[in-house]
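**Student:** Once you've had a glance at the structure underneath, I'll fire off some questions.
The values are calculated or read from the model by the stated rules, or taken from the named source; none is laboratory data. A quick note: this is a predicted structure, and the numbers were derived from the prediction, not measured. No Cβ is skipped: glycine too gets one built from the backbone with ideal geometry, and neighbour counts run over all protein chains shown. For accessibility, only protein heavy atoms count, side chains too; no ligands or nucleic acids. Shrake-Rupley method; radii C 1.70, N 1.55, O 1.52, S 1.80 Å.
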Amino acid sequence: LSYYNEYKSYLRMPKVKNERRAAAQRKAAATTAKIQQTITFNKDFGQHILRNPQVVQSIVDKAAIKSSDTVLEVGPGTGNLTAKLLEKAKRVIAFEIDPRMVAELRKRFMGTPFYSKLEIVVGDCIKSELPEFDVCVANMPYQISSPFVFKLLLHRRFRCAVLMFQKEFAERLYAKPGDKLYCRLSANTQLMARVDHVLKVGKGNFKPPPKVDSSVVRIELHNPMPDINFTEWDGLTRIVFNRKNKTLSAAFKHKSVLELLTKNYQIYCSIKNVPLSPDFDIKAVISNVFEESGLDATRSRCLSNDDLLKLLEKFNANGIHFSS
């Protein structure tokens, strides 16, 4: 009986490590509540702070972070998401452009066990070189959504990204050929990665609340990556999706497109030392490409990535190249 009582006493003994962590979390929560009551958020920076802890936890769970991971976060704000990332990851690198938020982040985590794991980069992530990281998790500032997605995909060296965007932007990322929202962004993103919708987030979960709801997506790079010239691919999709509800042949009838492709062909011939025929007719070449591919009557928003790859191959075979 005495051993049993001693064992019960042991179970009731406080766990020092857990107590310290709990104390750090209470301090961080109190700090962020104070911040959110006093600070004026800058909508020019897309500052809409995610305040629902259940949503924060769901986002972190979807990222499947390992204890050895380095996590990249963009726009940490007051650190609600950052705090949960620091619990899971070995290291968190947070890009923050607002000096006020940088000061509040440091104040929030200074003196806690997490501070040594946090690196804050002050500046614009779009204009900066991305560091090495395993996972990217972020409540994205809406103004930089598109350029950041392309920057992230071209970086390539990461396992996955779990990102929150405005609902319509997120829907474009995972839209399929034929969908109303399918566009150049959809094709370019899905060429390099798999995109899955994982969570809807209502605008009431933010402070201040944005005008629209948000969605969280998970992005995983294709392995292996497609072996193509992405600059050419991007140049082709710019033309194809400029008028995505028109047929493909209509997209290539514009004077500016014909002039661009003629100029590109002339440059190609010059580089390859190929004589330029005086009878060269870009319209005839385009017509030949469409005949070979069988896609001329297809509307741009119905073209799959396989269709676009075939189209690019046919253009290149006829000496026509693209630039962004």
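**Student:** Calculate one ³J(HN,Hα) per residue across segment 298-304 by plugging θ = phi - 60° into the Karplus curve 6.51 cos²θ - 1.76 cosθ + 1.60, and present them in order as whole Hz with x for glycine and proline.
**Tutor:** Along segment 298-304, the couplings run 7, 6, 4, 6, 9, 7, 7 Hz.
**Student:** Which entry in (1) 22.1; (2) 15.5; (3) 47.0 is this structure's computed mean projected area of the Cα convex hull in nm²?
**Tutor:** Of the labelled values, this structure produces (1).
**Student:** With all protein chains present and a 1.4 Å probe, how do ILE267, ILE49, ILE126 order by accessible area, largest first?
**Tutor:** Numbers: ILE267 80, ILE49 15, ILE126 50 Å².
Largest accessible area first, the residues go ILE267, ILE126, ILE49.
**Student:** When the accessible area of segment 129-208 is computed with all protein chains present and a 1.4 Å probe, what percentage of it is carbon and sulfur?
**Tutor:** Details: 1580 of 3210 Å².
Using a 1.4 Å probe with all protein chains present, segment 129-208 comes out at 49 percent carbon and sulfur.
**Student:** Next question. Applying a 10 Å radius around every beta-carbon, put 173-180, 138-145 in order of their mean neighbour count, most first. Numbers along the way, then the final one.
**Tutor:** Values: 173-180: 16.4, 138-145: 20.6.
Highest to lowest by the protection proxy: 138-145, 173-180.
**Student:** Taking the 0 to 90 degree range and rounding to the nearest ten, how far is the long axis of helix 230-240 tilted relative to the main principal axis of the chain, both from C-alpha atoms?
**Tutor:** Around 70 degrees separate the two axes.
**Student:** Now for a separate question. Let a ≥ b ≥ c be the square roots of the eigenvalues of the Cα gyration tensor of segment 218-298; is it rounded (a/c under 1.5), or, if not, prolate (a/b larger than b/c) or oblate? Before the final figure, lay out the partial values.
**Tutor:** Numbers: a/c = 2.14, a/b = 1.33, b/c = 1.61.
It is oblate, given that a/c is not under 1.5 and a/b is not larger than b/c.
**Student:** Follow-up. Mind listing the phi-derived Karplus ³J(HN,Hα) values for segment 103-119, rounded to whole Hz, using 6.51, -1.76 and 1.60 with θ = phi - 60°, and x for any glycine or proline?
**Tutor:** For segment 103-119, the Karplus curve yields 4, 5, 4, 4, 5, 5, 9, 5, x, 9, x, 8, 4, 5, 8, 9, 10 Hz.
**Student:** Same structure, new question: Which ³J(HN,Hα) values in Hz, rounded to whole numbers, follow from the phi angles of segment 135-150 under the Karplus curve 6.51 cos²θ - 1.76 cosθ + 1.60, where θ = phi - 60° and Gly and Pro get x?
**Tutor:** 9, 10, 10, 7, 8, 5, x, 4, 5, 10, 4, 5, x, 6, 4, 5
**Student:** Can I ask one more? Cα axis of helix 305-317 to longest principal axis of the chain: angle in degrees, 0 to 90, nearest 10?
**Tutor:** It works out to around 40 degrees.
**Student:** Nearest 10 degrees, 0 to 90: what angle lies between the long axis of helix 53-63 and the longest principal axis of the chain (Cα atoms)?
**Tutor:** That helix lies at roughly 60 degrees to the long axis.
**Student:** With labels modelled as points extended 7 Å from the Cα through the Cβ direction, what inter-label distance (nm, one decimal) is found for SER287 paired with GLU220?
**Tutor:** 4.8
**Student:** Averaged per residue, what accessible surface does the chain expose to a 1.4 Å probe, in Å²? Don't skip to the answer; put the middle values down first.
**Tutor:** Working: 17100 Å² over 324 residues.
That works out to 53 Å² per residue.
**Student:** Using a 1.4 Å probe and ignoring any ligands, DNA or RNA, find the accessible area of PHE150 and quote it in Å² to the nearest 10.
**Tutor:** That residue has around 40 Å² of solvent-accessible surface.
**Student:** Another one. Points 7 angstrom from Cα along the Cβ direction at ARG100 and VAL198: gap in nanometres?
**Tutor:** Result for the modelled spin labels: 3.1 nm.
**Student:** Shifting gears a bit: Report the gain in length on full extension from LYS207 to LYS176: 0.36 nm times residue separation, minus Cα-Cα distance, nm rounded to one decimal. Before the final figure, lay out each step's value.
**Tutor:** On the way: separation 31, 0.36 × 31 = 11.16 nm, distance 3.25 nm.
Answer, rounded to one decimal: 7.9 nm.
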